[in-house]
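Trainee: Here it is, the structure in full.
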């Protein structure tokens, strides 16, 4: 008889609105405890990028930005605020594509995305300011530090993923993708294994951290749901070290660039 597998995803309730300097370790442990759950070996916590960026103070105030000539030029072509364009440029290494209402760049972390992942949604601004939220400076490091604290507090071997919503070159709609990874294999290489008919797999690599991120995004939502932390239990793969850089396709093999 085949082994019965199941994957359990649980949205951790009562995560407060995160502010600069908040201790995510303490907040997550308290919220998990209030659910009646406890972290177990093999669990993975998926955290929305926004709460990590907010805790780390990854903001830019558009009211203080002086756009460059390049920013004004691109703002006219994309119908975007030149101050926002300037911030996007500062977070990017390359402008990949642009068109009216579309601004695609290569982020300094390596991946290609719209607006360098910079966002205004669910971002509070101080009076006389206009804040936008940037991605964490080093999402893999953020995951590793949080994992270290949570494992020390619980004695359990867990994984951490920071996810964010991204669009894709071939398809309509956004899905959750992994920006940062610790304690989880980012990519599982199936090449050399065989299928049900003993054919050797030649090109199968599973972006498992992205798959977990997308599944968690179903519960997180995209608007005012307020569910930025998802507990994933029952992953049919062993936890191991990984990082989000493994998911980035090298430019020389990226035919869309």
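The values are calculated or read from the model by the stated rules, or taken from the named source; none is laboratory data. This one's a predicted model, so the numbers in the text were calculated from it and none came from an experiment. All Cβ positions, even for glycine, are placed from backbone atoms using ideal geometry, and neighbour counts span all protein chains on display.
Trainee: Can you tell me which residue in region 1-13 is nearest to residue 216 (Cα to Cα), limited to those that are touching a residue at least 12 places away in the same chain (Cβ under 8 Å) and more than 21 Å from the chain's Cα centre (by Cα)?
Mentor: Step by step, filter region 1-13, then rank; the result is 6.
Trainee: For region 82-93, does any single residue satisfy the condition of being out of contact with any helix residue (DSSP H, G or I) (no Cβ under 7 Å at 6 or more places or on another chain), surrounded by fewer than 18 Cβ atoms within 10 Å (Cβ to Cβ) and either touching a residue at least 24 places away in the same chain (Cβ under 8 Å) or assigned to a helix (DSSP H, G or I) (or both)?
Mentor: yes
So that you can scan it fast, the table gives a plain yes or no per residue for (1) in contact with a helix residue (DSSP H, G or I) (Cβ under 6 Å, 6 or more places away or on another chain); (2) modelled with pLDDT of 95 or more; (3) closer than 18 Å to residue 135 by Cα:
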position	(1), (2), (3)
28	no, yes, no
47	no, yes, yes
56	no, yes, yes
64	no, no, no
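Trainee: A follow-up question, please. If we keep just the residues of region 18-46 that are touching a residue at least 60 places away in the same chain (Cβ under 8 Å) and exposed (fewer than 12 other Cβ atoms within 10 Å of the Cβ), which is farthest from residue 180 (Cα to Cα)?
Mentor: So, considering only residues that are touching a residue at least 60 places away in the same chain (Cβ under 8 Å) and exposed (fewer than 12 other Cβ atoms within 10 Å of the Cβ), the one farthest from residue 180 (Cα to Cα) is 38.
Trainee: I need the strands (runs of 3 or more DSSP E) fully contained in region 102-211, keeping only those with at least 2 residues that are assigned by TED's automatic domain parsing to the domain that holds residue 81 and without any contact (Cβ under 8 Å) to a residue 60 or more places away in the chain.
Mentor: Qualifying strands (runs of 3 or more DSSP E): 102-107, 112-114.
Trainee: Of all residues being in a helix (DSSP H, G or I) and touching a helix residue (DSSP H, G or I) at 6+ places or on another chain (Cβ under 7 Å) in region 1-26, which is nearest to residue 132 (Cα to Cα)? Just the residue, please.
Mentor: 24
Trainee: In addition: Please go through region 39-67 and pick out each residue that is in a helix (DSSP H, G or I) and closer than 17 Å to residue 12 by Cα.
Mentor: 49, 50, 51, 52
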